[in-house]
Amino acid sequence: MGAAAIDLLYWRNVKQSGAVFSSVLLLLFSLTQFSVVSVGAYLALAALSATISFRIYKSVLQAVQKTDEGHPFKAYLEMEIALSQDQISKYADKILLYTNTCMKELRRLFLVQDLVDSLKFAVLMWLLTYVGALFNGLTLLILAVVSMFTLPVVYEKHQAQIDQYVGLIRTQVNSVVGKIQAKIPGAKRKEE
């Protein structure tokens, strides 16, 4: 994650973080009420209305002041926006690596290479059935966005207390997992 994204999530620049956070939430809440096509069309219409209005305003201003400043978006129209072959190759390679890693991990879990890991995965999938019954994907996405913008700041302010409780929970979980692994035949505890 880049430094700009971290600064955004830690609210280093409150105006910028607030603008991004509120824009993303507004988009997600809009998607709960309207289809993706409608939201996309409304956003395009809003952007087009703003740019057309600005272009007309600048044209009228130039006519009244009898100046010749040219097109108000000339700098943006002349910018190069094409992706280079290197950029496409870099991103394609990252996607390929991620896809292959996921496929290998899923194969390992579904074909029970490690019994304990497959059982953990099964429990996770079973829990996700309950999460899916309570929330739809968009609600989970909204919760994820709110968490991304709040949890880092909360952790930064209360790091000592949170680390202490996480350590206690980790100790308890490791103890329970160790007991379960000791009782399951063929489940070997991984070396830490």
- prompt: Applying the selection to the range 115-134, what residues are among the polar types (S, T, N, Q) and either surrounded by 13 or more Cβ atoms within 10 Å (Cβ to Cβ) or at pLDDT below 90 (or both)?
  reply: S118
query: Looking only at the range 1-14, which residues are surrounded by 10 or more Cβ atoms within 10 Å (Cβ to Cβ) and assigned to a helix (DSSP H, G or I)?
result: A4, A5, I6, D7, L8, L9
query: For the range 15-35, does any single residue satisfy the condition of being out of contact with any Cys (no Cβ under 7 Å at 6 or more places or on another chain), farther than 30 Å from E156 by Cα and open to solvent by 100 Å² or more (accessible area, probe 1.4 Å)?
result: yes
field: Residue list for the range 43-80, filter: more than 23 Å from the chain's Cα centre (by Cα) and within 30 Å of S147 (Cα to Cα)
entry: A46, A47
- request: Out of the residues in the range 36-73 that are surrounded by 12 or more Cβ atoms within 10 Å (Cβ to Cβ) and hydroxyl-bearing (S, T, Y), state the one that is farthest from L25 (Cα to Cα).
  value: S59
message: Pairs please, first residue from the range 35-49 and under 21 Å from L138 (Cβ atoms) and of a type outside the set (G, A, S), second anywhere and open to solvent by less than 60 Å² (accessible area, probe 1.4 Å) and assigned to a helix (DSSP H, G or I), Cβ atoms under 9 Å, 6+ apart in sequence or on different chains.
response: V39/S30; V39/L31; Y42/S30; L43/S30
message: Restricting to the range 135-168, and then to whatever is aliphatic (A, V, I, L, M) and open to solvent by 80 Å² or more (accessible area, probe 1.4 Å), can you tell me which residue is farthest from V20 (Cα to Cα)?
response: L168
query: Considering only the range 74-105, how many residues are open to solvent by 80 Å² or more (accessible area, probe 1.4 Å), assigned to a helix (DSSP H, G or I) and within 30 Å of I52 (Cβ to Cβ)?
result: 3
task: Sort out which residues of the range 5-26 are aliphatic (A, V, I, L, M) and touching a helix residue (DSSP H, G or I) at 6+ places or on another chain (Cβ under 7 Å), and write them in order of number.
output: L8, L9, V20, V24, L25
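The values are calculated or read from the model by the stated rules, or taken from the named source; none is laboratory data. Keep in mind it's a predicted model, so treat the numbers as computed, not measured. For neighbour counting, all protein chains shown are included, and Cβ atoms are generated from backbone atoms with ideal geometry for every residue, glycine included. Areas reflect the complete protein model, heavy atoms only, side chains present, ligands, DNA and RNA absent. Shrake-Rupley method; radii C 1.70, N 1.55, O 1.52, S 1.80 Å.
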